[in-house]
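*Asks:* Let me give you the structure first, and then I'll get to my questions.
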Amino acid sequence: MSSAIARRLAFPLLAALLFLSGLVSAFVHPKPFHCLQVLGVSKKAPKGSSATNASGNDQNETLLLGNVTLAHNYGSTRMLDENLHRKWTSSAAKAAGSVFFGTILTFALNNHLSLGPIKASCTVGLLAALTLEEKSALGAFLGSFAGMARLPVIPSFTAAILLGLLSAAMMTLCDNKRWFIGLGGRLGFIAQVSCTTQYLLSRIIGRPNTGAALIGKSSQPIGHQIIPTCLATIFGALLVSAWKEAVLGLAKATNLQGKWKTLSDRLSTSVAAASVTGGMMSFFPVALAGPAYCGAFVAMSSPQKIETYGGLVGASACAGFVQVLLAATLIGGWGGKLGTAAFLGVVVYRSVMKQLPLRDK
């Protein structure tokens with residue numbers, strides 16, 4: 001009995017500690033989301049800085065494409081093109097491969113080793129964050145969302161292989177076109193589109209599976225789900241932010257060096273923080289674990305998209321509401337459904353704030 005109580009209290013105490021440490025760090029740093037610099041375009045370097053080219057023109061700019069930094073010096077094309085293109089192509093190929101293998105591994109853990117979708121996804125995500133470069137880790141994390149699909153939707157390994165290929169192709173397309181860059185839930189949305197495409201193809205050329213459907217019936221009245229779903233989503237988002245602030249704060253306070261510094265850097269990434277959050281919450285009922293994992297995806301938004309904790313709470317609340325609205329869609333265990341809710345929540349929040357006369361700056 002005492003051990004059961006200890007296990008019940010362990011997570012709330014850890015979550016509270018991380019949350020408090022994140023809040024303390026937020027007061028120390030003027031930008032609460034300084035740790036979320038994931039995607040976007042940096043400002044031009046000031047004149048006279050080391051980034052200014054030899055002719056004195058302020059033309060040096062850094063582009064973050066899918067988390068791979070490419071330095072473009074428009075005043076000196078000799079330094080560009082071939083080497084950067086080769087580096088980008090190689091990184092994109094590795095990321096596409098990570099998507100494929102992340103899909104297959106998560107699908108196996110989820111459906112054939114009975115680990116469940118959230119634990120399987122978080123396991124693959126955390127392993128990827130600790131062992132792969134950032135772009136490849138993001139690719140594996142995307143694949144893990146596709147691999148969360150259950151057998152009624154993706155009934156076999158053959159179908160899972162096709163899903164992995166579709167997900168890799170879709171991610172490559174979205175990265176090349178720079179679609180939805182910096183929006184939380186982007187990876188899950190891509191996984192959901194791939195999963196839906198695979199499902200529709202199976203309906204056209206294969207035997208329909210009655211255990212899955214694009215539209216069905218919700219098991220509970222919508223009104224009973226909104227408040228707990230929104231609260232759990234907000235909690236998951238804040239927990240991700242608190243985790244990252246805590247890891248960064250600990251590394252700075254202890255002046256870590258060498259391998260320990262590398263480990264702390266990897267643990268502070270969005271992939272690691274979301275995986276840890278989802279993994280801890282997966283020991284709770286799915287009605288709480290699912291929304292909290294969705295909130296973790298909202299917190300993966302870049303600081304250019306969601307700048308403050310108030311914005312994070314607002315976007316998470318919107319994502320919680322979207323989850324309830326999607327309860328009667330994509331039935332049977334759809335990969336990327338939680339990420340899609342996070343993505344739509346961020347889009348809705350940003351759209352609403354743009355219409356208000358006083359919005360977050």
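The values are calculated or read from the model by the stated rules, or taken from the named source; none is laboratory data. Remember, it's a predicted structure, so these values are computed and weren't measured experimentally. No Cβ is skipped: glycine too gets one built from the backbone with ideal geometry, and neighbour counts run over all protein chains shown. Only protein heavy atoms, including side chains, enter the accessible area calculation; ligands, DNA and RNA are left aside. Shrake-Rupley method; radii C 1.70, N 1.55, O 1.52, S 1.80 Å.
*Asks:* Using the Cα centre of the range 129-200 as origin and beta-carbon charges of +1 (Lys, Arg) and -1 (Asp, Glu), tell me which of 155, 200, 130 is placed farthest towards the positive end of the dipole.
*Replies:* 200
*Asks:* Checking a compactness column here: for the range 263-313, what do you get for Rg(Cα) / (2.2 N^0.38 Å), N being the number of residues?
*Replies:* Its radius of gyration relative to the 2.2 N^0.38 Å reference: 1.22.
*Asks:* On to the next question. For residue 131 and residue 93 in one chain, what is 0.36 nm times their gap in residues minus the Cα-Cα distance, to one decimal in nm?
*Replies:* Roughly 12.0 nm would be gained on extension.
*Asks:* With N set to the residue count of the range 101-144, report its C-alpha Rg divided by 2.2 N^0.38 Å to two decimal places.
*Replies:* For the range 101-144, the normalised Cα radius of gyration comes out at 1.03.
*Asks:* What accessible surface, in Å², does a 1.4 Å probe find on residue 297, ignoring ligands, DNA and RNA and rounding to the nearest 10?
*Replies:* Only protein atoms counted, so the area is about 10 Å².
*Asks:* What is the local net charge at residue 264, summed over the other residues whose Cβ is closer than 13 Å to its Cβ (Lys, Arg +1; Asp, Glu -1)?
*Replies:* +3
*Asks:* If the viscosity is 1.567 mPa s and the temperature 4 °C, what Stokes-Einstein diffusion coefficient in µm²/s follows for the range 202-361 when Rh is the Kirkwood radius over Cα pairs?
*Replies:* 76
*Asks:* Once you've got the Cα coordinates, tell me which of 177/305; 94/259; 305/354; 94/177; 244/305 are over 20 Å apart.
*Replies:* 94/259
*Asks:* For the range 172-201, run through the trypsin sites (Lys or Arg not before Pro) and keep only the ones in DSSP coil with at most 16 other Cβ atoms within 10 Å of their Cβ.
*Replies:* The qualifying sites are 178.
*Asks:* Along the range 295-303, what does the Karplus equation 6.51 cos²θ - 1.76 cosθ + 1.60 (θ = phi - 60°) give for ³J(HN,Hα), rounded to whole Hz, x for Gly and Pro?
*Replies:* x, 4, 6, 4, 5, 7, 4, 6, x
*Asks:* Determine the gain in length on full extension of the stretch residue 308-residue 253; use 0.36 nm per residue of separation and subtract their C-alpha separation, reporting nm with one decimal.
*Replies:* 17.4 nm
*Asks:* From the P(r) of the range 110-205, can you give the percent of Cα pairs sitting at distances over 16 Å?
*Replies:* The share of Cα pairs beyond 16 Å in the range 110-205 comes to 55 percent.
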